[in-house]
Amino acid sequence: MENKCDNNLINPNWGKHGYIQVYTGNGKGKTTASLGLAMRALGRCWKVLIIMFTKGGDNYGELYSFRNLSPEIAENLTIIQAGLDRIVYADNKSEEDAKAIQKGWEFAKKAIKNDEYNLIILDEANIAIDLGFIDLNEMVEVLKNKPEDMEIVLTGRNAKEEIINIAHLVSEIQPRKHYWDTGVEARKGIEY
């Protein structure tokens, strides 16, 4: 089998193009899009960091999949869960949520500053900002000062204009129709 991570097969100019991407909106698929991007990057031997803000616990299909990647691919992936095992809303946020999210944010800032990864996905970062767990101005400064060749993705609803303004790619996912509206509950393998 051909070694896909042979340096001669990697586009030598990829590093000149590190952008900020945002997946936001009320529709389904923001995290899914970013995880598809992670798989694509891993297939090209990029070092990938995924920080899952507001998401703890072990009941996510993507975690099961990532744990079963080939050793050659898995060695380039780091996943940090920076949340409790529950959904966080404005009316149930707690000090424990703040601590978990802040720990993940500190890890992200260090990884960005030290230029440790080619792709960093800050899953649900927009939610963490919206709920006041991550300071918006600090996020903007970190993003503005990221290494030139690093790709950073933020997901989650309610992306702030300040984030949208500095992003290079913004996809707003809007629902037109969703089976949840007919009473279908979240399904394993599809929603989680």
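Data overview
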| item | result |
| --- | --- |
| Test: residue in segment 167-186 that is of a type in the set (Gly, Ala, Ser), in contact with a Lys or Arg (Cβ under 7 Å, 6 or more places away or on another chain) and modelled with pLDDT of 95 or more | no |
| Pairs where the first residue, in segment 82-103, is on the phi < 0 side of the Ramachandran plot and the second is polar (S, T, N, Q) and in a helix (DSSP H, G or I), C-beta under 9 Å, 6+ apart | Ala82/Gln102 |
| Conditions (1) within 15 Å of the chain's Cα centre (by Cα); (2) assigned to a loop (DSSP other than H, G, I, E, B); number of the one not met by Gly189 | (1) |
| Helices (runs of 4 or more DSSP H) wholly inside segment 101-174 containing at least 3 residues that are within 15 Å of the chain's Cα centre (by Cα) and among the aliphatic types (A, V, I, L, M) | 125-130 |
| Considering residues of segment 1-39 that are hydrophobic (A, V, I, L, M, F, W, C) and out of contact with any helix residue (DSSP H, G or I) (no Cβ under 7 Å at 6 or more places or on another chain) only, the residue modelled with the lowest pLDDT | Met1 |
| Positions within segment 175-186 being on the phi < 0 side of the Ramachandran plot and part of a loop (DSSP other than H, G, I, E, B), in sequence order | Pro175, Arg176, Lys177, His178, Val184, Glu185, Ala186 |
| Pair list, Cβ under 6 Å, 6 or more apart: segment 172-192 residue surrounded by 10 or more Cβ atoms within 10 Å (Cβ to Cβ), other residue among the polar types (S, T, N, Q) | Glu172/Thr24; Pro175/Asn26 |
| Condition broken by Glu116, with the remaining ones in (1) among the charged types (D, E, K, R); (2) in contact (Cβ under 8 Å) with a residue 40 or more places away in the chain; (3) closer than 18 Å to Ala159 by Cα satisfied | (3) |
| Filter result (over 20 Å from Ala41 (Cα atoms) and out of contact with any Phe, Trp or Tyr (no Cβ under 9 Å at 6 or more places or on another chain)) within segment 92-125 | Asn92, Ser94, Glu95, Glu96, Lys99, Lys103, Glu106, Phe107, Lys109, Lys110, Lys113 |
| Test: residue in segment 112-131 that is under 27 Å from Met39 (Cα atoms), crowded, with 23+ Cβ neighbours inside 10 Å, at pLDDT below 95 and touching a Gly at 6+ places or on another chain (Cβ under 9 Å) | no |
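The values are calculated or read from the model by the stated rules, or taken from the named source; none is laboratory data. Quick caveat, the model's predicted, so the values are computed rather than measured. Here the Cβ is made from the backbone with ideal geometry for all residues, glycine too, and neighbour counts use every protein chain on show.
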